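Quick notes on the structure that follows.
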Amino acid sequence: MTTKILIIGACGQIGTELTTQLRAQYGVDNVVASDIRKLNNDIVNTGIFEVVNALDYNQIEHLIEKYQITDVYLMAALLSATAEKNPAFAWDLNMNSLFHVLNLAKAGKIKKIFWPSSIAVFGPTTPRENTPQYTIMEPTTVYGISKQTGERWCEYYHHQYGVDVRSIRYPGLISWTSEPGGGTTDYAVDIYHKALEDGKYECFLRDDSKLPMMYMEDAIRATIEIMQADAEAIKIRSSYNLAGISFTPAEIAAEITKHIPDFTITYKPDFRQKIADSWPASIDDSSARSDWGWKHEYNMSAMTQVMLDNLRK
Ligand code: AKB
């Protein structure tokens, strides 16, 4: 049976690169990109694109039937910082879009689901260094609560109804193709843009705020690899810890200075500091490594080189 893919939230930071990669691997005609609005970008202009509201079950069901979709990647969500400003909508979007796709799988209309979780499922009582797969999880953000609850539902639908849902707890993701929106880790993308444009950056986190991060290419590879793994290999049906690189704003600034010697950074922590303080500093992803062979490739210096080279073009 041909794999036919629907990506919901295809124009976001992850969706953009994921759509491009999936189209390259599965063929343009087998990948339907969708988002809440139609932008004038490569995702819309170079393949099948549909406007869809992730909160509308009927619209999603219609697309699944129209294109005979087998796999859904649900990338639409409100991230940590935006969710704190609009908790009710964040809860609605993050939870109900998930229920829609879980229920469509339960009804036998799709075969496989990818749903992203986040390091935000952890909280201030979680061990901060080398955070284990199984540990204390008391998230203090709306986003974190929605992701943790979502994980419980994914596992429940898998065990009760046999739904093949797969998930990763993404760290902060860094990419040059599209900018993030509304996250606490966004500074690690902004800093490269501002370093090249202005030679300076005012960071909204403290100099020593160490957080788990990953270059986007690694994250996309992880996403596609977990979806392509044999079902029996995916032993964890809540969500897998995934680690790449952990660094502080001061460390990434020092790395940028190797390429742009005059670059300067100042610090003005805002409400996002509290969110960052509640998250792990580094992640133990040994379960992902042993269950489905995950291995990250990019370190901070390789990532910085690629980011600056591409943003300079
Ligand atoms: C955010 O900062 O909200 C996201 C995340 C870590 O899930 N990048």
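When Lys and Arg each count +1 and Asp and Glu each count -1, what net charge do the other residues less than 15 Å away from residue 46, Cβ to Cβ, add up to?
On the way: positive: 23, 38; negative: 17, 29, 35, 42, 50.
Around residue 46, the charge tally is -3.
Out of residues 5 or more away from residue 50 or on other chains, whose amide H comes under 5 Å of its own, with H placed 1.01 Å from N in the peptide plane?
33, 34, 35
Along region 227-238, what does the Karplus equation 6.51 cos²θ - 1.76 cosθ + 1.60 (θ = phi - 60°) give for ³J(HN,Hα), rounded to whole Hz, x for Gly and Pro?
6, 8, 5, 4, 4, 5, 6, 8, 7, 9, 10, 7
Hand me the trypsin sites (Lys or Arg not before Pro) from region 239-304 located in a DSSP loop with no more than 14 other Cβ atoms within 10 Å, in residue order please.
258, 295
What distance in nm separates the two pseudo spin-label positions at residue 96 and residue 312, each 7 Å out from Cα along the beta-carbon direction?
4.8 nm
When averaged across all projection directions, what area in nm² does the alpha-carbon convex hull of region 217-262 cover? Walk me through the numbers before you get to the answer.
Values: hull surface 18.4 nm².
Over all viewing directions, region 217-262 projects a mean Cα-hull area of 4.6 nm².
As I understand it, the value is the acute angle between the Cα axis of helix 57-67 and the longest principal axis of the Cα atoms of the chain; what does it come to in degrees, rounded to 10?
Compared with the principal axis, the helix lies near 70 degrees.
Please identify the chymotrypsin sites (Phe, Trp or Tyr not before Pro) of region 71-173 that satisfy two criteria: DSSP loop assignment and at most 15 other Cβ atoms within 10 Å. Which are they? Display every interim value, and only then the final one.
Working: sites: 73, 89, 91, 99, 114, 122, 134, 143, 153, 156, 157, 161; in loops: 122, 134.
The qualifying sites are 134.
Sort region 213-313 into rounded, prolate or oblate with this rule: let a ≥ b ≥ c be the square roots of the eigenvalues of the Cα gyration tensor; rounded if a/c is under 1.5, and if a/c is not under 1.5, prolate when a/b is larger than b/c, oblate otherwise.
oblate
Could you calculate the FRET efficiency of residue 85 with residue 266 from 1/(1 + (r/R0)^6), where r is the beta carbon distance between them and R0 is 22 Å, rounded to 0.05?
0.35
Using amide H atoms built 1.01 Å from N in the peptide plane, name the residues 5+ places from residue 240, or on other chains, whose amide H lies under 5 Å from its own.
Counting only residues 5 or more places away or on other chains, the set is 167, 168, 169.
Across the chain, where is the longest run that never hits GluC sites (Glu not before Pro) in a DSSP loop with at most 14 other C-beta atoms within 10 Å?
My reading of the result: 130-296 is the longest stretch.
Within region 181-197, whose backbone N sits under 15 Å from a point 7 Å along Cα→Cβ of residue 277?
Under 15 Å, as judged by backbone N against the label point of residue 277, lies no residue of region 181-197.
Which residue, chosen from 233, 215, 248, occupies the Cα position most advanced towards the positive end of the dipole of region 199-266, where the dipole is computed from +1 (Lys, Arg) and -1 (Asp, Glu) charges on Cβ about the Cα centre?
233
Stick to Cα atoms and the Kirkwood definition of Rh, then tell me Rg/Rh for the chain.
On the way: Rg = 18.8 Å, Rh = 19.7 Å.
Radius of gyration over Kirkwood radius for the chain works out to 0.95.
When the label point is put 7 Å from the Cα of residue 200 along its Cα-to-beta-carbon vector, which residues of region 250-280 have a backbone N closer than 14 Å?
The answer is 262-268.
Do you know the Lys pair count in region 1-140 for C-alpha distances under 13 Å, with sequence separation 8 or more or different chains?
Numbers: 4/66; 4/109; 4/111; 4/112; 66/109.
Going through region 1-140 pair by pair, I get 5.
Quick check: pseudo-label points 7 Å beyond the Cα along Cα→Cβ at residue 62 and residue 133, how many nm apart are they?
4.1 nm
Most exposed first by the Cβ proxy, i.e. fewest other Cβ within 10 Å, how do 312, 206 rank?
Result, fewest neighbours first: 312, 206.
How would you rank 82, 141, 266, going from fewest to most other Cβ atoms within 10 Å of each one's own Cβ?
266, 82, 141
Can you tell me the dipole magnitude for region 206-313 around its Cα centre, using point charges on the Cβ only (Lys, Arg +1; Asp, Glu -1), in Debye to the nearest 20? Intermediate results must be reported in sequence, preceding the final value.
Details: 13 positive and 17 negative charges, 52 e Å.
In debye, rounded to 20, region 206-313 gives about 260.
Ranking 100, 193 by Cβ neighbours within 10 Å, fewest first, what do you get? Working shown, then result.
Numbers: 100 21, 193 14.
By the 10 Å Cβ count, ascending, the order reads 193, 100.
Where does the charge balance sit around residue 163 when Lys and Arg score +1, Asp and Glu -1, over other residues with C-beta under 12 Å from its C-beta?
So the surrounding residues net to +4.
FYI, it's all coordinate maths here, none of it is from the lab. All values derive from a computational prediction rather than experimental measurement. Because the Cβ atoms are built from the backbone with ideal geometry, glycine has one as well, and the counts that use them run over all protein chains shown.
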